[in-house]
Amino acid sequence: MTAAVRAVQRRGRGLLARADAWCNALYTWRYNPLYHSGTVVVASFLILTVTGLYLILFYRIGAPYESVARITDQTFAGQWIRTLHRYVSDVAIVAIVVHAFRMFVQDRAWGPRSLAWVSGVFLTVAFLVCGWTGYVMVWDVQGQLLATEGARLMDLFPIFSEPIGRTFVGERDIPSAFFFLNLFAHIAIPVGIALLLWVHLSRLARTHLLPPKPLFWGVTGLFTLLSVAWPLAMEPEADALRLPTDVALDVFYGFWLPFTQPLPVGWAWVLMLSAFAAALSVPLLTRPRPEQAPEPSYVNPRFCTGCEQCYHDCPYEAIDMVLRDDGRDGYVGLVDPAKCVSCGICSGSCAPMGVGPRHRTGRDQLEDVLSFISRVGPSRDRVVLVGCANSAACRSGGPALDAEVFPVSCVGALHTSVVEYLVRAGAGGVMVVTCPPRDCWNREGVMWFEQRAFHQREAELKDRVDRRRLRVVYAAEMESGVLARELASFRSDLANLGAASAEKSIEIDTLCATPEVPVAETADA
Amino acid sequence: MKRMKPIMALAIASVAALAIAALSRAPASPLESSQPLVRLSWRVLGVRVEECRPRTEEELAALAAHMRTPQVCTGGVADYVLRVSIDGAETVRDTVRPSGARRDRPTYVFRDLPVEQGRHQVQVAFSALVPTAFEVGEQPLEFSWEGDVFVDIGEIALITLNPSGDALVHRAP
């Protein structure tokens, strides 16, 4: 089972990487809508709320179809607002699917991220149910179709003494109370969505709720124009004595009908619950075996100065500062393993290199770079690519680019001392190749690295390092062309600088002022 | 090529938006929607069939003060038999029990009977199963309807109770 899931993930990841590269070429990484799928859902939710508030002013539970028809007749407002409400609700579903697909294929749905995945599944169901109530509100043939099938499904459970389906048979007029309840649900479910969204984002620091303004207004403007140019028309009114034959169905909210309609109601529920259970079980299906799972970060209290930088930089709020109990004053970082996704960003944040996942702390990285230099020995006119695992550098490989590659799990985890070491050891240049910032699998890795390298954020790249020999390039997995171009440009700039000088004895600061602890003593840590 | 890029970006975004708008109103023919139906749907309160006797002094004394109802009844709401014939062939013959966990709620019928397009002769009988020993007052014990119905593709012929609840009637689209 796990092998099959991994195969699906691999194929999906390849597909997504191609789509990302294509959208980056068209819209640039900054406004690539695929990178912003999560925020597009929130933006859609906002637009739905605003347009919904307008529509509710004119909706009448005593005459649902007639009131919606009156809204549709308002050429200057109601018609396009109703259409926009509908189109944007569809955009939300598309964005949810893209977002879930990205998280699934990028293996970001297990462990501490399970809460976000599971709440995301419930959010999706809430969106679909809310859409269902929205269509029933109109009480056209599509609403009738969704209502009767929904009632058939609900009637399996003996909640009421009589089947709900009898409400729609035409024995008598459908009571206003039904449309009142439906309207209530259509308004109450979004409140639940807002609460679920809070749970969904609860383990993230510094969440981005909305896409960049150009993308937000671009999507809003495009669908507003489309709503004006191609507005919705009223479908025929629901008629209890006629089966809906030709329906203009919203595929995004009615996709389940062809699957459930031919089945007996019990089997329809089995099908739906199986799909729901499969979605919920993704965290279990995708989690690695315990021996393969990356370990959470660990704070070595001997080196921790209590500076709080790792606490601030952690994108998952997995680090707390607690009072020391080792006789020294102040605070020490403490990692909550239940929240830590092992991104290693804390490794890059710690000047004295006292925090990080095992074998990936700053100290471990220094050992790795020493071994890399002794193995590869970068000459003074060559470029070392420090590549994030999900960037083009690791995919294209060094030989294809005529450069050595020093791979890192995430540039956010890269300690600036590694860059310092490479430059001082005589590398012609160091090109840090990252995935685009909005696609950072660890959310803020690129941002933190840039701030550490160029804006004096702790643990900053020391002033003694020649910044002209360092370049940061965003090149997603499939953007080897971008990488090749940037590399050629960097080489050309480096040629003007002349040969790099190599220091014979390189001392790297591995301790801050406070602790007087030799590095060797920490080997067991 | 560089000048073409924004145009291409806009064109592709527009095509994607149009695709979403088109899928928002995709023409669909729901499954089984063309099959004409004879639909039976009604609800009756049911005939109470119960035997009551006054409680004895001893029984009353054994009960808590607030439980001392003067008589004790056994029985409940009667079952019904539903018989439907379409074009002379008996299609349904079922016992219909009152709803509710204790079978003391109203009795309802809710059946869809698929038929071919065209005219059909339909006979419906819905009779309470009441032992002769019971007094049932003025409540109707049997509802029946007999007549021709015409149903076209996608239409439903509804057999239901009239608003006063004393006779079955036919409603056509």
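Taking the longest Cα principal axis of chain A as reference, the axis of helix A:480-497 is set at about 30 degrees. Take every pair of alpha-carbon atoms less than 8 Å apart whose residues are at least six positions apart; their mean separation over the length of chain A yields a relative contact order of 14 percent. For the range A:1-137, what relative contact order do you get, as a whole percent, if you take Cα pairs closer than 8 Å and at least 6 residues apart? Relative contact order here is 29 percent.
Would chain B count as rounded, prolate or oblate if I go by the C-alpha gyration tensor, calling it rounded below 1.5 in a/c and otherwise prolate when a/b exceeds b/c, oblate otherwise?
Working: a/c = 5.15, a/b = 1.94, b/c = 2.65.
Because a/c hits 1.5 or more and a/b fails to exceed b/c, chain B counts as oblate.
Peptides A:498-505, A:18-25 ranked from most to least packed, by the mean per-residue count of other Cβ atoms within 10 Å: A:18-25, A:498-505. Charged neighbours of residue B:21, selected by a Cβ distance under 11 Å, balance to 0 (K, R count +1; D, E count -1). Using only atoms on other chains, find how many Cβ atoms lie within 10 Å of each Cβ of peptide B:101-114 and report the average. So the per-residue partner count for this stretch is 2. Taking the DSSP bridge list for the range A:297-497 and keeping only pairs wholly inside it, about 40 percent are antiparallel. Would you mind classifying the range A:396-436 by shape? Square roots of the alpha carbon gyration tensor eigenvalues, ordered a ≥ b ≥ c; an a/c under 1.5 is rounded, otherwise it is prolate if a/b is larger than b/c and oblate if not. Oblate.
Using unit Cβ charges (K, R positive; D, E negative) and no other charged atoms, how large, in debye to the nearest 20, is the dipole of the protein assembly as shown about its Cα centre?
The dipole of the protein assembly as shown has a size of about 2300 debye.
What number do you get for the range A:69-171 when its Cα radius of gyration is normalised by 2.2 N^0.38 Å, N = residues? Mind dumping the intermediate values first?
On the way: Rg = 18.2 Å, N = 103, 2.2 N^0.38 = 12.8 Å.
Working it through for the range A:69-171, the quotient is 1.42.
How long are the three semi-axes of the equivalent ellipsoid for the range A:217-265, computed from the Cα gyration tensor as the root of 5 times each eigenvalue, in whole Å, largest first? Display every interim value, and only then the final one.
On the way: eigenvalues 183, 58, 8 Å².
They are 30, 17, 6 Å, listed largest first.
Of all DSSP-defined beta bridges confined to the protein assembly as shown, some 75% are antiparallel rather than parallel. For residue A:74, neighbours were defined as the other residues whose beta-carbon sits under 14 Å from its Cβ, and their charges (Lys and Arg +1, Asp and Glu -1) total 0.
If you rank B:7, B:159, B:153 by fewest surrounding Cβ atoms within 10 Å, what's the result? Spell out each step's value before the answer.
Working: B:7 9, B:159 24, B:153 12.
The fewest-first ordering by Cβ neighbours comes to B:7, B:153, B:159.
The eigenvalues of the Cα gyration tensor, multiplied by 5 and square-rooted, give the range A:166-254 an equivalent ellipsoid with semi-axes of 36, 23, 11 Å from largest to smallest. Using a cut-off of 28 Å between alpha-carbon atoms, which lysines can reach residue B:5, once sequence neighbours fewer than 8 places away in the same chain are excluded? Correct list for residue B:5: A:213.
Would you mind giving the mean number of other chain beta-carbons within 10 Å of the Cβ of each residue in B:9-20, as a whole number?
Working: counts 7, 3, 1, 4, 6, 3, 0, 4, 9, 4, 1, 10.
Mean number of neighbouring Cβ atoms from other chains: 4.
The C-alpha atoms of chain B define a longest principal axis, and helix B:4-23 lies at about 30 degrees to it. The local environment of residue A:392, defined by Cβ-Cβ distances under 9 Å, has a net charge of -1 under the rule Lys, Arg +1 and Asp, Glu -1. Of all aspartates and glutamates in the structure, those lying under 16 Å Cα to Cα from residue A:462, and not within fewer than 8 positions of it along the same chain, are A:420, A:450, A:503, A:507, A:509.
Between rounded, prolate and oblate, where does the range A:297-497 land on the alpha carbon gyration tensor, with a ≥ b ≥ c its root eigenvalues, rounded for a/c under 1.5, else prolate if a/b exceeds b/c?
On the way: a/c = 2.23, a/b = 1.75, b/c = 1.27.
Cα axes put the range A:297-497 in the prolate bin.
Enter the mean number of other protein chain beta carbons within 10 Å of the beta carbon of each residue in A:237-245, as an integer. If you can, show how the numbers build up before the last one.
Details: counts 0, 0, 4, 6, 11, 7, 13, 5, 8.
What the average comes to for A:237-245 is 6.
The spread of Cα positions in chain A, taken along each principal axis and listed from longest to shortest, comes to 93, 53, 41 Å. Cβ-to-Cβ counts within 10 Å put A:493, A:364 in ascending order as A:493, A:364, the fewest first.
Computed on the range A:297-497, with alpha-carbon pairs under 8 angstrom and 6+ residues apart, the relative contact order is 19 percent. Each of A:213, A:339 was scored by other Cβ atoms within 10 Å of its Cβ. Arranged with the fewest first, they read A:213, A:339.
No value in this document is a laboratory result; all are computed from the given coordinates. All values derive from a computational prediction rather than experimental measurement. Cβ: placed from backbone, ideal geometry, glycine included. Neighbour counts: every protein chain shown.
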